[in-house]
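Novice: Below are the structure tokens for one structure; questions will follow.
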Ligand code: SF4
């Protein structure tokens, strides 16, 4: 065997060995040597990106003969994936509250008010309060803080009465306002000597807004004329200022609701005498007790003498009651110091 044959045999052996190693994945030959052998493909376990010249493939010793199968590659557990950090929302920054400056209290400007004039003004327009409107009746002790209008000029009295009348026209304190056409406040003089207080407006009064018109009013006017009283000496009004349905008697709560208006009227006019026309009016003034005789018996309302007598409407239906009524009116005249007229109604 010459050198060439020997070299070829050696190459064959090396190739066979390399094929075996390549099959098993191991070689220690430099890659460029292994690749130089025809038919041999060295496996490269070199890390990616490493220098090819320096990369070496592991191989078992050449003399080791057949090798045991390589142990399976150690499987590395996958990297633990950590949950991404929870991103917290940034805290909401609230705007600080706006602090308002307290209102500046200014001292009153101009000259000091006329105290005396203001007192008259305040008294003149004193009106019933809601509490007063629920008072039991006009004669109850706490129904109203009493006004002393006896020294008021006529103009102040009339102005105060007009303010009250305007209030009554807007009043809705009781159910009677629902059916009224007009409120019926009063007629007569603000400086009257005698006040006549009836029960409630009727059909004609509701239509005209004036108390005691129609037949009852005509009879009352005749009675007043027979007493010798002039128009400037009388004041005529009712317990309630709105007409009850079907001309019925006012219910106690209706009379109580309207009592402050009556009380203020009488306080402003400040008559010397009051004539209560009918039982309802007498009760509202505190001068009649249920179940007891009431007509012709003197009573009082806040120091003012009250004579209760029959209502003109009742006298119209019961003519024989004219005499007792006339006797009651004569008592009023006597108390007033007037001379008795020679004739009756
Ligand atoms: S009757 Fe008197 S209390 Fe009743 S609504 Fe008329 S004004 Fe007001």
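No lab work stands behind these numbers, since they all come straight from the coordinates. Everything numeric here is computed off the predicted structure, so don't read it as measured data. FYI the Cβ positions are ideal-geometry reconstructions off the backbone, even for glycines, and counts take in every protein chain you see.
Novice: If each residue's Cβ is checked for other Cβ atoms within 10 Å, how do 249, 183, 151 rank with the fewest at the top?
Specialist: With the sparsest Cβ surroundings first, the list reads 151, 249, 183.
Novice: For a footprinting-style exposure proxy, rank 248, 170 by other Cβ within 10 Å, fewest first.
Specialist: 170, 248
Novice: If you project the alpha carbons of the stretch 206-252 onto the principal axes, what extent comes out on each, in Å, largest first?
Specialist: That gives 34, 19, 17 Å along the principal axes, largest extent first.
Novice: Counting other beta carbons within 10 Å of each residue's own, what order do 328, 232 fall into, fewest first?
Specialist: Numbers: 328 19, 232 12.
Fewest-to-most ranking of 328, 232: 232, 328.
Novice: Okay, moving on. By what distance, in whole Å, do the Cα atoms of the stretch 124-336 stretch along each of the three principal axes, largest value first?
Specialist: Reported extents, whole Å, longest axis first: 42, 40, 33.
Novice: Using 0.36 nm per residue, how much length does the chain from residue 12 to residue 169 gain when fully extended, once their Cα-Cα distance is taken away?
Specialist: 42.9 nm
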